[in-house]
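Reading through the structure tokens given below for one structure.
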Amino acid sequence: MAALLKKVWGSVMSRTCSSSDSSSERHCSVESSLGAFEPIPTDILLQILRLIGPKEAAKFRLVCKSWRSLVSDNRLWIFFLQNYQEPWDSVFFAETNLRTGYPLQTFSSQMTQLSFMDIYGQRAQVPGAVIIDGGSGYCKFGWSKYACPSGRSATFLEFGNIESPMYTRLRHFFAMMYSRMHVKPSTQPVIVSVPICHYDDTESAKASRRQLKEAIHTALFDMNVPAICAINQATLALYAARRTSGIAVNIGFQVTSVVPILNGKVMRKVGVEVVGLGALKLTGFLRELMQQNNISFESLYTVRTLKEKLCYVASDYEAELSKDTKASFEAAGEGWFTLSKERFQTGEILFQPRLAGVCAMGLHQAVALCMDHCHSAELTGDDAWFKTVVLSGGTACLPGLAERLEKELHGSLPPSISNGIRVIPPPYGADTAWFGAKLIGNLSTFPGTWCIMKKQFRQKSRLNLIW
């Protein structure tokens, strides 16, 4: 094989001829022949090019038109992209759905017009972006070229709060994130993931969202960030699941939001449903159950750890009550804990909030109501766009939650709406929104139209595009 590769490269070098009198660049005099490699099947030649790698394969474009055509074959560069840092299906989704920026344009039906050789080269040159996923409980931060977030921190900033110290608090918050990453703000664009807040489509809610946008952009531009992409977590969670339309369900720190999204745009006029039940309430309820059963613990952190390690959502709550569900876990510094019914009673309050003394809709009822509104709105020719539900948030990772929600939706909605419903667990666990931002930050066309520059911000020309 080494001898064959040597012969291939020798062919490249021998076929490169001298430049003309008016140019110092080298050109090939052979226009259409593969020379000694003409008898070799195309598939075999592509295998050879795969072995020598993308950088060396790209050099064969200089030989002649036939080699240029062979090297430009999308199959070759799809292979190289499949061995890139990111999963191929995510790269393919991003480059065929997100590369033009907002508003989204899908290229799936025009794949023959896309050059994956160009896309590979462009992705290699993209500088990437700093990603700050400002979750309602924890903030995840890191560079888009990283495999995962480089760090996380408690989010002491309430993004929904727009009172007077908002700018100061945001400036301090972003400065802390950059300090922890050891990165100068002026070096790269930033993608800020913001929790859905000010849910309504009222003028008051619009004004609050506008004020929050301006505070975020002002704080970052005052830190000399070159470009900003601020986008809500619900949309990013959908992108992480390789979808541009659907219903994003985020179980946040204090509330759960049910957000309908069509072609990357939040359908606020259809209605964003909010359930006053979040991760904090589930942790608090497990604490109460443990106290009732005389299970001692030293901190709420231990209770949260037990929730994450032992709790799950039962497919049939009543049937689960009669089963032996004991399981144990060793918490650092506190020893072993054994839970039984507490394991599934904790997650059950998502569907039966009254068990925890909360007067609110169950999760399935909120999602069903959202779907009913989407169906009634008749925004597209069919209902397929809202029948994919994507879960996000750490608590949404509870085993059995996606299956239970899907079961409840099929049971509570008429067949005309329920047929085809699919509930997807958090694709990347608690970091799902961060990974959605990563898709944008690594696009071959980034920053492109995804970002706002300082001059555009001052002109206030694009602030309504993404939220």
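The values are calculated or read from the model by the stated rules, or taken from the named source; none is laboratory data. All values derive from a computational prediction rather than experimental measurement. Glycine also receives a Cβ, built like all others from the backbone with ideal geometry; neighbour counts cover every protein chain displayed. For accessibility, only protein heavy atoms count, side chains too; no ligands or nucleic acids. Shrake-Rupley method; radii C 1.70, N 1.55, O 1.52, S 1.80 Å.
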Listed residues Ala314, Ala279; which is among the small types (Gly, Ala, Ser) and more than 25 Å from the chain's Cα centre (by Cα)? Ala314
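Out of curiosity, is Thr218 out of contact with any strand residue (DSSP E or B) (no Cβ under 7 Å at 6 or more places or on another chain), free of Cβ contacts under 8 Å to residues at least 12 places away in the same chain, open to solvent by 30 Å² or more (accessible area, probe 1.4 Å) and not aliphatic (A, V, I, L, M)?
In short, no.
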Tell me, yes or no, whether region 277-293 has at least one residue that is in a loop (DSSP other than H, G, I, E, B) and over 21 Å from Val389 (Cβ atoms). yes
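Out of the residues in region 33-46 that are open to solvent by 90 Å² or more (accessible area, probe 1.4 Å) and either more than 15 Å from Arg68 (Cα to Cα) or outside any loop (DSSP other than H, G, I, E, B) (or both), which is modelled with the lowest pLDDT?
Applying the filter and picking the extreme gives Pro39.
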How many of the residues making up region 298-314 are out of contact with any Asp or Glu (no Cβ under 6 Å at 6 or more places or on another chain), modelled with pLDDT of 95 or more and not in a helix (DSSP H, G or I)? 3
Single unsatisfied condition, Asp324 versus (1) part of a loop (DSSP other than H, G, I, E, B); (2) in contact with a strand residue (DSSP E or B) (Cβ under 7 Å, 6 or more places away or on another chain): (2)
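Does region 382-389 include one or more residues that are open to solvent by 70 Å² or more (accessible area, probe 1.4 Å) and under 26 Å from the mean Cα position of the chain (by Cα)? Write out each step before concluding.
To start, the set of residues in region 382-389 that are open to solvent by 70 Å² or more (accessible area, probe 1.4 Å) comprises 382.
Now restrict to residues that are under 26 Å from the mean Cα position of the chain (by Cα): 382.
Looking through region 382-389, at least one residue is open to solvent by 70 Å² or more (accessible area, probe 1.4 Å) and under 26 Å from the mean Cα position of the chain (by Cα).
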Residue list for region 130-153, restricted to those being open to solvent by 10 Å² or more (accessible area, probe 1.4 Å) and in a loop (DSSP other than H, G, I, E, B): Ser136, Gly137, Lys145, Tyr146, Ala147, Cys148, Pro149, Ser150
Working only within region 338-351, note down all residues that are open to solvent by less than 40 Å² (accessible area, probe 1.4 Å) and either of a type in the set (Gly, Ala, Ser) or in a loop (DSSP other than H, G, I, E, B) (or both). Ser340, Gly347, Ile349, Leu350, Phe351
Need pairs with beta-carbon distance below 9 Å; first residue farther than 20 Å from Met290 by Cα and within region 345-370, second assigned to a helix (DSSP H, G or I) and hydroxyl-bearing (Ser, Thr, Tyr); sequence gap 6+ or separate chains. Phe351/Tyr317; His364/Ser412; Gln365/Ser412; Ala368/Ser412; Ala368/Ser418
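Here is a yes/no grid of residues against (1) touching a helix residue (DSSP H, G or I) at 6+ places or on another chain (Cβ under 9 Å); (2) at pLDDT below 95:
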position	(1), (2)
Leu363	yes, no
Gly381	no, yes
Lys387	yes, no
Gly393	yes, yes
Glu403	no, no
Ser416	yes, yes
Pro426	yes, no
Lys438	yes, no
If we keep only residues of region 246-272 that are in contact with a Pro (Cβ under 9 Å, 6 or more places away or on another chain), open to solvent by 20 Å² or more (accessible area, probe 1.4 Å) and assigned to a strand (DSSP E or B), then the residue farthest from Val389 (Cα to Cα) is Lys265
Considering only region 372-381, how many residues are surrounded by fewer than 20 Cβ atoms within 10 Å (Cβ to Cβ) and part of a helix (DSSP H, G or I)? 5
